[in-house]
Amino acid sequence: MAQVEATTERVVAADAEKVFDALADYTGTRAKLLPEHFSEYEVREGGDGEGTLVHWKLQATSKRVRDCLLEVSEPTDGELVEKDRNSSMVTTWRVTPAGEGKSRVVVTTTWKGAGGIGGFFERTFAPKGLARIYDAVLAKLAAEVEE
């Protein structure tokens, strides 16, 4: 089983603290950022960054639905880490200043992929599909926080 990784980034015309706070707001803002690939969104514990437990189903393709139960931590300033209790999937959101009134948001998801031919296709196509999904999330984030 090989590690699979998908990374997407975007520069947002808003202060890094404002952007991070929007991402960490699982009870309010975060649900508004999710495209149609996400369903059954539910905050089960907490709701603001560290200590949050959130559930959703992620439909990456017409046949592939992942049931996610994510524990949220904030290991460093400007960083949210979502670890899935149901799989090896870990998503890390990093928000850093990118000049006057701007921030760079980088989202990276990693997981242990399948072996064999299925794993080859997963490593080849899954990162591109996930990048498109997170690109849509980042576009909604930009629309939410930019003034």
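What angle do you read, to the nearest 10 degrees and between 0 and 90, between the alpha-carbon axis of helix 116-145 and the longest principal axis of the chain?
Helix 116-145 sits roughly 20 degrees off the main axis of the chain.
Can you pull the three principal axis extents for the Cα set of the stretch 43-111, in Å, largest first?
43, 28, 18
Going from the alpha-carbon gyration tensor of the stretch 6-77, what semi-axes, largest first and in whole Å, does one get by taking the root of 5 times each eigenvalue?
22, 16, 11
Counting only protein heavy atoms and using a 1.4 Å probe, what share of the accessible area of the chain belongs to carbon plus sulfur, as a whole percent?
The nonpolar share, carbon plus sulfur, comes to 49 percent.
Can you give the calculated 222 nm mean residue ellipticity of the chain, where each DSSP H run of n ≥ 4 adds -39,500 (n - 2.57) and the sum is split over every residue, rounded to the nearest 500 deg cm²/dmol?
-10000 deg cm²/dmol
Could you list which residues have their amide H under 5 Å from that of GLY47, counting only those 5 or more apart in sequence or on another chain, with H placed in the peptide plane?
HN-HN under 5 Å from GLY47: THR52, LEU53.
When N is the residue count of the stretch 26-147, what does its C-alpha Rg come to as a fraction of 2.2 N^0.38 Å?
Compactness ratio reported: 1.09.
Averaging sequence separations of C-alpha pairs under 8 Å and six or more residues apart, then dividing by the length of the stretch 1-57, give the relative contact order as a whole percent.
25
Which value, in Å², gives the accessible area per residue of the chain when a 1.4 Å probe is used on the protein heavy atoms?
52
The values are calculated or read from the model by the stated rules, or taken from the named source; none is laboratory data. Keep in mind that what you see is a predicted model, and the values were worked out from it rather than measured. Areas reflect the complete protein model, heavy atoms only, side chains present, ligands, DNA and RNA absent. Shrake-Rupley method; radii C 1.70, N 1.55, O 1.52, S 1.80 Å.
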